[in-house]
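FYI, it's all coordinate maths here, none of it is from the lab. Quantities reported herein were computed from a predicted structural model and do not represent experimental measurements. Cβ atoms come from the backbone with ideal geometry, glycine included; neighbour counts cover every protein chain shown.
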Amino acid sequence: MAGRRLSLANPRSISISKPLLLLLSLFSLLALFLLISPKIPNTNPYRSAKAPTRYFPSALDEFFSSSNPICSATSSSVQLNDPFISRREKERLYGTLSDPWAGSQVLQVYVYEMPSKFTCDLLKLFRDTYKETTNLTSNGSPVHRLIEQHSIDYWLWRDLIAPESERLLKNVRRVYRQEEADLFYIPFFTTISFFLLEKQECKALYREALKWVTDQPAWKRSEGRDHILPVHHPWSFKSVRRFMKKAIWLLPDMDNTGNWYKPGEVCLTKDVILPYVPNVELCDTKCLLETRPKRATLLFFRGRLKRNAGGKIRSKLGAVLNGADGVIIEEGTAGEGGRELAQHGMRRSVFCLSPAGDTPSSARLFDAIVSGCIPVVISDELEVPFEGLLRYNRMVLFVNSSDAVQPGWLLKYLRGIDSTKIREMQTDLAEYSRHFVYSSPALPLGPEDLTWRMIAGKLTSINQCIARSTHMEQGPRFECTCKAGNNTRVRASL
């Protein structure tokens, strides 16, 4: 026994025990550190649990199959509380003691809970009749495709009402008390109602919506100046929207020559131009790399050649360009098979022609952008979305109509652009395309995000006009309404 005790002091035994004890000590310290360390949450705002949904009918199916209570809720009228409004205005200007910048960081938006006949019933009507793509407008355009490309009202509303834990945008937040709101969103799907309801039924619904909104205390307080009204199709809400012309209109363009908008209804001072929802799928990075060597067509166009107003230039361009080497000019719509043909043609072309339609804008501009095809815009009065945030001259060519219709001028101009410049513009298209793809959830730097950034830039002047209206005569010096006349500008030729 004594011999065994003495063996513990053997130098060889000690040399083996020291590393073992050291290793055990390290493991103990590590275990203790892991136990007492706080958990670090994942704060990456760009990470989403699932891939975003970009197709309108699929998004509707997903929405109605979710547990979102919006479409089963009953609307309630909320009264404004003036002391809270006063405090909110002070915080917007001065911030709070704990965070002096808090008042200017995030837009607070109140979403009206309108009766379902203005919202969910219309969405269900679209979803249930979507397969009837043979339903055409007077000019031959498929009705449901038109509704899709003007469905910006759905994408903005869907993001606002989503649970905060599922949202990725942090520059706008839904609030549930009117006195806390910077802005008020009107979730009335005016385009669906125009195209899918009978004419008299639609007009009656428009009158009901007008009364419902203008009876709200927040509307009466500001005369609608801080209210957001999505009327992205030029026929949307047309019979009554003149009574809401002080609101912020979300538009496809700024054509107020009298063809679509009455003088004094729209202007860049208060309104925001939003991109159409693209008719074609996004050509992502892999797609762009695969299609770049296959772009053998110089200039591509597929669409209606006979249009009204500024769109009459289409037939002139068709006469000048048709049959030219490297040019494809096709008559067609976005109906059955038309979308696939347009997508295929754009992905095989270097330049895509984007002339004016019945209004200065056309969905074709955004189809070209997401297809990696350099848009050639021929629309002298076009105002583009998010101008001031995005540099369009990096990815779009603007050409005056008077030059474009001269025989041989346009093709000579396009062929004179060197390959380095073309490659640079294609690279910029790949970078910029994300700004034009609506999705659920809405993504940072997507069109929903940029819409709120544009509106935020107007908030100070909106509040100024609301304040001035309480004490100032609304005459020539008031300067808080759109002036009569055309507020668009003519772009200089490149």
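What the table below lists for this structure:
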quantity	calculated
18 Å reach of a label modelled at K316, 7 Å along Cα-to-Cβ, counting backbone N of the stretch 359-374	359-362
Eligible lysines near K211 by straight Cα distance, threshold 17 Å, same-chain separation 8 or greater	K117, K203, K220, K238, K245, K246
Alpha carbon convex hull of the stretch 278-394, volume per residue in cubic angstrom	109 Å³
5 angstrom amide H check on V175, placed H, neighbours 5+ away	V109, Y110, V111
Karplus-derived HN-Hα couplings along the stretch 145-159 (A = 6.51, B = -1.76, C = 1.60, θ = phi - 60°), whole Hz, x at Gly and Pro	5, 4, 4, 4, 6, 10, 7, 4, 4, 5, 5, 5, 5, 4, 6
Two-site FRET efficiency, E290 against L445, from Cβ-Cβ distance with R₀ of 25 Å, rounded to 0.05	0.55
Spherically averaged projected area in nm², based on the convex hull that wraps the Cα atoms of the stretch 361-431	5.0 nm²
Order by protection proxy (mean Cβ within 10 Å, highest first), peptides 203-214, 243-254, 404-415	243-254, 203-214, 404-415
Peptides 275-284, 418-427 ordered by average Cβ neighbours within 10 Å, highest first	275-284, 418-427
Separation of alpha-carbon centers, the stretch 339-395 and the stretch 190-257, rounded to whole Å	28 Å
Placed amide H near L168: partners under 5 Å, 5+ positions off or other chain	A442
Nearest-0.05 FRET efficiency for K483 and D403, computed from C-beta distance (R0 35 Å)	0.70
